[in-house]
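Colleague: Structure incoming, see below.
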Amino acid sequence: MKTEIRTVLMLMGFEEMKTNQWVESSFWNFDTLFQPQQHPARDAHDTFFMETPARAQDIPADYMAEVKKVHEQGGYGSTGWRYDWNEDEARKNLLRTHTTAVSARTLYQLAKDYKATGVFKPKKYFSIDRVFRNETLDATHLAEFHQVEGLIADRNIGLPHLIGTFRDFFSRMGLSKLRFKPAYNPYTEPSMEIFGFHPILKKWVEVGNSGVFRPEMIQTMGLPEDVSVIAWGIGLERVVAQQFNVRHIKDLFSAQQDVAATKKFKHAWLRRVEAEGA
């Protein structure tokens, strides 16, 4: 299924990001996203922190100073979070809670390229890899799962382009029953949750979160003021569960998985459908 989704996204013009770093610093996982250090998602009951190595060493000093400034004082039309930002907190290592940390590193490099050349090139990126959260396990939650991350950096784009991208993406996967709901994220504004209808559970299940990255995130990196970035993260197991009528996502990826039964599963072959409401 990962291969099929990778093919779909490449056909849509996306480039794959490097995801070979499960251990990440709090700085790239949280701080660079303009997520305050007091946010509950940064607590140990939601995140797996590392004992060894406990601290990150490779954070660019000049960029860290800019992130500290925007958290404490604001900028780019924002008043900031108005607290004393702590470098020790930012250097704590963890198992990444989302592949948005990968997006942050990729956008930072894109901004460096822009500052070096003076030319901004629109980009479309994606990644598919594991993330880790201290979750209570149930039919739709795992402590270790896969996330499909995507972003588009360009001028004159916003929420309508994000919805259109979702309808195209999910229709290529054979899923048409979608709903979109306004949401809150510290690092996107506006923000939107994506729901798909689960045929076995007979209810609408959240499959992902999305939005437009805030200026406090992308302009601190050095991207041009007139550039917007729309982005999303989708739970792979939740989408596959809907696609193949699987009740519990732990049957797809967990220690309780029946490997013998999984090997008898049909090979994933996605067929395009027309999105409802398109």
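Colleague: Here is a check on your reading of the model: is Thr47 touching a residue at least 40 places away in the same chain (Cβ under 8 Å), part of a loop (DSSP other than H, G, I, E, B) and open to solvent by less than 30 Å² (accessible area, probe 1.4 Å)?
Modeller: yes
Colleague: Taking only pairs six or more apart or across chains, which ones have beta-carbon atoms under 6 Å, a first residue in region 1-15 that is under 16 Å from Asp129 (Cβ atoms), and a second residue that is in a helix (DSSP H, G or I)?
Modeller: Listed by first residue and then by second, the contacts come to Met1/Val240.
Colleague: Only one of these conditions is not met by Ala101: (1) closer than 23 Å to His146 by Cα; (2) out of contact with any Asp or Glu (no Cβ under 6 Å at 6 or more places or on another chain). Which number is it?
Modeller: All conditions pass for Ala101, except number (2).
Colleague: Related question: Yes or no: region 54-77 includes at least one residue that is open to solvent by less than 20 Å² (accessible area, probe 1.4 Å) and over 16 Å from Met221 (Cα atoms).
Modeller: The answer is yes; a qualifying residue exists.
Colleague: While we're looking at this one, here's another question. Which fully enclosed strands (runs of 3 or more DSSP E) of region 179-240 have 2 or more residues being open to solvent by 30 Å² or more (accessible area, probe 1.4 Å)?
Modeller: Those strands (runs of 3 or more DSSP E) span 188-198, 203-213.
Colleague: What are the pairs with Cβ atoms under 6 angstrom where one residue, in region 180-193, is in contact (Cβ under 8 Å) with a residue 40 or more places away in the chain and the other, located anywhere, is of a type in the set (Lys, Arg)? Sequence gap at least six, or different chains.
Modeller: Correct list of pairs: Tyr187/Arg214.
Colleague: Would you point out the residue of region 52-68, among those that are in contact (Cβ under 8 Å) with a residue 60 or more places away in the chain and not acidic (Asp, Glu), that is nearest to Pro186 (Cα to Cα)?
Modeller: Of everything passing the filter in region 52-68, Val67 is nearest to Pro186 (Cα to Cα).
Colleague: Please work out if Leu175 is closer than 25 Å to Asp31 by Cβ and buried (at least 18 other Cβ atoms within 10 Å of the Cβ).
Modeller: Spelling it out, it is not the case that Leu175 is closer than 25 Å to Asp31 by Cβ and buried (at least 18 other Cβ atoms within 10 Å of the Cβ).
Colleague: Any residue in region 31-40 that is open to solvent by 10 Å² or more (accessible area, probe 1.4 Å) and either on the phi > 0 side of the Ramachandran plot or not in a loop (DSSP other than H, G, I, E, B) (or both)?
Modeller: yes
Colleague: Does Lys121 fit the bill of being without any contact (Cβ under 8 Å) to a residue 24 or more places away in the chain and within 22 Å of Glu225 (Cβ to Cβ)?
Modeller: Numbers: without any contact (Cβ under 8 Å) to a residue 24 or more places away in the chain: yes; within 22 Å of Glu225 (Cβ to Cβ): yes.
Yes; evaluated as a whole, the condition is true for this residue.
Colleague: Follow-up question, since we're still on this one. Please specify each residue of region 130-151 satisfying the condition of being open to solvent by 20 Å² or more (accessible area, probe 1.4 Å) and either at pLDDT 70 or above or under 11 Å from the mean Cα position of the chain (by Cα) (or both).
Modeller: Arg130, Arg133, Asn134, Glu144, Phe145
Colleague: Moving on to the next point. Whether any residue in region 78-88 is open to solvent by 10 Å² or more (accessible area, probe 1.4 Å), within 26 Å of Leu223 (Cβ to Cβ) and part of a helix (DSSP H, G or I) is what I want to check.
Modeller: The answer is yes, given that some residue of region 78-88 is open to solvent by 10 Å² or more (accessible area, probe 1.4 Å), within 26 Å of Leu223 (Cβ to Cβ) and part of a helix (DSSP H, G or I).
Colleague: Against the definition (within 20 Å of Ala231 (Cα to Cα) and surrounded by 11 or more Cβ atoms within 10 Å (Cβ to Cβ)), how does Thr19 come out, yes or no?
Modeller: It is true that Thr19 is within 20 Å of Ala231 (Cα to Cα) and surrounded by 11 or more Cβ atoms within 10 Å (Cβ to Cβ).
Colleague: Suppose the filter is out of contact with any Gly (no Cβ under 6 Å at 6 or more places or on another chain), part of a helix (DSSP H, G or I) and open to solvent by less than 50 Å² (accessible area, probe 1.4 Å); does Asp168 pass it?
Modeller: On the way: out of contact with any Gly (no Cβ under 6 Å at 6 or more places or on another chain): yes; part of a helix (DSSP H, G or I): yes; open to solvent by less than 50 Å² (accessible area, probe 1.4 Å): yes.
Yes, satisfied.
The values are calculated or read from the model by the stated rules, or taken from the named source; none is laboratory data. The shown structure was predicted, so the numbers you read here are calculated from the model rather than taken from an experiment. A quick note on method: Cβ atoms are made from the backbone with ideal geometry, for glycine too, and the neighbour counts reach across all protein chains shown. Each accessible area value is taken on the protein alone, full model and side chains, heavy atoms only, with ligands, DNA and RNA left out. Shrake-Rupley method; radii C 1.70, N 1.55, O 1.52, S 1.80 Å.
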